[in-house]
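Novice: Dropping a structure here in structure tokens format, bear with me for questions.
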Amino acid sequence: MITSSTELYCLIGNPISMSISPQVHNAAYEGMGMDAVYLAFRVDDGELEDAVEGLRIVARGFNVTIPHKTRMSLLVDDLTREAQISGAVNTVRNDRGKLVGHNTDSLAAVYLLDKLGVRGGAATIIGAGGASRSVIYALWMRGFTRLYIHNRNRRRAEVLASSVKAIYGFDAVGLPLDPATLAESIGRADVLINATPLGMYGGELQIPGDALRKDVAVMDLAYASGGTGLQRIAVKRELKMTSGLEFLVLQAAFAIEFWTGRRPPVTLMMEAAREALGVK
Ligand SMILES: NC(=O)c1ccc[n+]([C@@H]2O[C@H](COP(=O)([O-])OP(=O)(O)OC[C@H]3O[C@@H](n4cnc5c(N)ncnc54)[C@H](OP(=O)(O)O)[C@@H]3O)[C@@H](O)[C@H]2O)c1
């Protein structure tokens with residue numbers, strides 16, 4: 001039962017109406033016997049500072065999603081190593097008014113690279129926002145050296161490429177998001193990562209059918225009830241693949257551990273995620 005002592009955790013971002021994080025977190029809290037609730041709040045760009053100051057007073061912790069992950073790193077009082085190096089914050093812990101920014105997307109990405117069995121080599125990344133920065137940290141942790149970063153706004157990809165060259169020493173290049181250039185870089189990569197909403201809303205990723213070699217692994221951060229277009233291609237071509245749903249549950253589990261110091265029930269969380277999304 002929700003009472004005056006129930007702890008508040010939440011998600012801020014825009015859009016958030018399709019987010020299934022509330023179902024995933026609330027299932028975990030119930031399983032852990034926590035007196036806590038997780039809500040989602042739509043927060044626009046111009047409202048971010050005010051929202052964060054309000055949460056500093058009322059929330060024990062919160063998650064940050066599109067489009068605030070990069071800016072959030074400037075609004076907290078302290079950063080964990082993952083958040084500091086990646087330059088993106090998706091999880092904030094409120095230590096009695098002091099906000100500590102963390103990046104559990106990076107931890108989820110490290111876990112999933114290990115699950116895919118890829119280590120070192122080259123990666124093709126689609127997207128140049130906060131999620132992309134988080135995944136690049138994981139690629140660095142796992143010894144990757146060459147990055148092809150594609151983005152709708154090519155300039156943003158170029159800026160991110162020069163930034164990660166300087167931070168990590170990657171051999172990185174910023175490229176446009178067109179099928180021909182994408183096919184070329186996928187042909188040279190060991191792993192293909194989608195860090196955009198493509199497949200969730202705003203259309204599907206356009207990849208030429210024969211661009212995906214048999215030995216390329218796929219990490220999709222997007223999720224949809226019937227799978228995204230990219231996930232359907234990967235299944236059809238029998239590629240090693242991880243879905244945005246796994247990513248979502250893992251980053252949520254690492255966030256709960258950061259907030260509470262306790263291991264959450266990941267299987268229960270995955271069941272809640274699948275039910276919320278209508279996956280059979
Ligand atoms: N499964 C998970 O747990 C999980 C975790 C993290 C992120 N994600 C997903 O990853 C996506 C990116 O998140 P973020 O935090 O990086 O957001 P962000 O910082 O706002 O960046 C958004 C990125 O997506 C690109 N993009 C947006 N709409 C697009 C479209 N219609 N076509 C092509 N590119 C598009 C943007 O390109 P421009 O620069 O050209 O605008 C940018 O590269 C979100 O959809 C988020 O839900 C999922």
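The values are calculated or read from the model by the stated rules, or taken from the named source; none is laboratory data. The structure displayed is predicted, hence computed values, not measured ones. Backbone-built Cβ (ideal geometry, glycine too); neighbour counts: all protein chains shown.
Novice: Given segment 140-255, what helices (runs of 4 or more DSSP H) lie entirely inside it while holding 1 or more residues that are within 9 Å of the ligand (Cβ to nearest atom), more than 18 Å from the chain's Cα centre (by Cα) and not hydroxyl-bearing (Ser, Thr, Tyr)? Walk me through it before giving the result.
Specialist: Details: elements: 154-168, 179-186, 229-236.
Answer list for segment 140-255: 154-168.
Novice: Check segment 80-91 and report whether any residue there is in a strand (DSSP E or B), touching a residue at least 24 places away in the same chain (Cβ under 8 Å) and under 21 Å from residue 25 (Cα atoms).
Specialist: Applying the first criterion (in a strand (DSSP E or B)) to segment 80-91 yields 91.
Subset that is touching a residue at least 24 places away in the same chain (Cβ under 8 Å): 91.
In the following step, the residues that additionally are under 21 Å from residue 25 (Cα atoms) were identified as 91.
Looking for residues that are in a strand (DSSP E or B), touching a residue at least 24 places away in the same chain (Cβ under 8 Å) and under 21 Å from residue 25 (Cα atoms), one finds at least one in segment 80-91, hence yes.
Novice: Let me ask you something else. Regarding residue 124, is this residue assigned by TED's automatic domain parsing to the domain that holds residue 166 and either part of a helix (DSSP H, G or I) or in contact (Cβ under 8 Å) with a residue 12 or more places away in the chain (or both)?
Specialist: Yes.
Novice: Does any residue in segment 15-39 that is of a type in the set (Asp, Glu) come within less than 7 Å, Cβ to Cβ, of a residue that is part of a loop (DSSP other than H, G, I, E, B) six or more places away or on a different chain, and which pairs are these?
Specialist: That search, which allows pairs on different chains as well, returns 35/5; 35/6.
Novice: In segment 169-210, which residues are of a type in the set (Ser, Thr, Tyr) and touching a residue at least 40 places away in the same chain (Cβ under 8 Å)?
Specialist: Going residue by residue through segment 169-210, those that are of a type in the set (Ser, Thr, Tyr) are 181, 185, 196, 201.
Matches in segment 169-210: 185, 196, 201.
Novice: Return the only residue of 99, 107, 116 being farther than 19 Å from residue 64 by Cα and not hydroxyl-bearing (Ser, Thr, Tyr).
Specialist: Values: 99 fails: farther than 19 Å from residue 64 by Cα; 107 fails: farther than 19 Å from residue 64 by Cα.
Just a single option satisfies the conditions, and that option is 116.
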